[in-house]
1. Hey, does the stretch 112-124 have a residue that's assigned to a helix (DSSP H, G or I), modelled with pLDDT of 60 or more and under 30 Å from residue 183 (Cβ atoms)?
2. Answer yes or no: is there a residue in the stretch 171-188 that is in the same structural domain as residue 116 (by TED's automatic domain parsing), over 24 Å from residue 121 (Cα atoms) and among the charged types (D, E, K, R).
3. If you check every pair at least six apart or on different chains, which have Cβ atoms under 6 Å apart with a residue in the stretch 151-165 that is in contact (Cβ under 8 Å) with a residue 60 or more places away in the chain first and a residue that is surrounded by fewer than 22 Cβ atoms within 10 Å (Cβ to Cβ) and assigned to a loop (DSSP other than H, G, I, E, B) second?
4. Return a yes/no flag: does the stretch 44-58 have any residue that is surrounded by 15 or more Cβ atoms within 10 Å (Cβ to Cβ) and at pLDDT below 70.
5. I'm told residue 53 meets every condition in (1) more than 16 Å from residue 6 (Cβ to Cβ); (2) assigned to a helix (DSSP H, G or I) except one. Can you identify the failing condition by its number?
6. Just for the stretch 148-194: of the residues that are aliphatic (A, V, I, L, M) and within 21 Å of residue 119 (Cβ to Cβ), which one is nearest to the chain's Cα centre (by Cα)?
7. Restricting the stretch 59-102 to residues that are assigned to a loop (DSSP other than H, G, I, E, B) and among the aromatic types (Phe, Trp, Tyr), which is modelled with the lowest pLDDT?
8. Filter the stretch 172-207 down to residues that are of a type in the set (Gly, Ala, Ser) and outside any loop (DSSP other than H, G, I, E, B) and give me whichever is surrounded by the most Cβ atoms within 10 Å (Cβ to Cβ).
Amino acid sequence: MQFGARIRQLRKSRTPKMTSGELANRADISQSYVIEIESGKKNPSLEVLFRLARALDVSLSEIISGGLTTVEQHVSKRDSRYVPVINRVSCGEWMDVGDLDFPPGFGADYELSDTKDPNAFYVIAEGDSMTGGRIQEGDYLLVSPNMRYNSGDIVLAKSEAGVMVKRYVKRGEQVALEPLNPAYSAVLLEGRTDLKIYKVAEIKIKL
């Protein structure tokens, strides 16, 4: 995705008009780097995009949406938007991936989705404990914190032990996270007070 033309457009639309040198100073990067970004010779990192957005006094989404191709713009007009991809998540054992502490709406990458959940995000499946549920390693899982989950749903579970993707199952008083690959064992949740559960609303197969 090329962001240069959008960044140049936003810079020149400032009143008074901002020079590339002024943008560089505000974003704490070199003027030559700004020129390379605007000319399409360099694609900025997420951190640099954050700095440029702050320097231009716009949201990151304004830069990202402005950098779409014609085809992507057509798709996005049909109520689609870019949803952040925040990490890889285990479909086997608990996986320590830190706090997943990107601000809401931001991630290391982005994928188009028509989800209506403003807090939705993607994670990338790792491991093979959910292959029976057609989740293969590398698939993108759309996690929707605002959707209600029920017994039988595939969920992302987060605890002090880490995160994992499993099927949430409740049978009477017993609650468990069950794999869909019989080679793995269920994780019983009895007595856990540190657990957060989020529904996996979509599986996007990545070829």
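1. Checked against the condition, which is being assigned to a helix (DSSP H, G or I), modelled with pLDDT of 60 or more and under 30 Å from residue 183 (Cβ atoms), the stretch 112-124 yields no hits at all.
2. Yes, the stretch 171-188 contains at least one residue that is in the same structural domain as residue 116 (by TED's automatic domain parsing), over 24 Å from residue 121 (Cα atoms) and among the charged types (D, E, K, R).
3. 159/194; 159/195; 161/94; 162/94; 162/96; 164/94
4. There is no residue in the stretch 44-58 that is surrounded by 15 or more Cβ atoms within 10 Å (Cβ to Cβ) and at pLDDT below 70.
5. (1)
6. Among them, the one singled out is 156.
7. First, the residues of the stretch 59-102 that are assigned to a loop (DSSP other than H, G, I, E, B): 59, 67-69, 77-80, 91-94, 96, 98, 100-102.
Subset that is among the aromatic types (Phe, Trp, Tyr): 94, 102.
Working: 94: 82, 102: 59.
In this case the residue turns out to be 102.
8. From the stretch 172-207, those of a type in the set (Gly, Ala, Ser) are 172, 176, 183, 185-186, 191, 201; that's our starting set.
When the remaining residues are screened for being outside any loop (DSSP other than H, G, I, E, B), the result is 176, 201.
On the way: 176: 17, 201: 19.
Filtering first and then ranking leaves 201.
The values are calculated or read from the model by the stated rules, or taken from the named source; none is laboratory data. Quantities reported herein were computed from a predicted structural model and do not represent experimental measurements. FYI the Cβ positions are ideal-geometry reconstructions off the backbone, even for glycines, and counts take in every protein chain you see.
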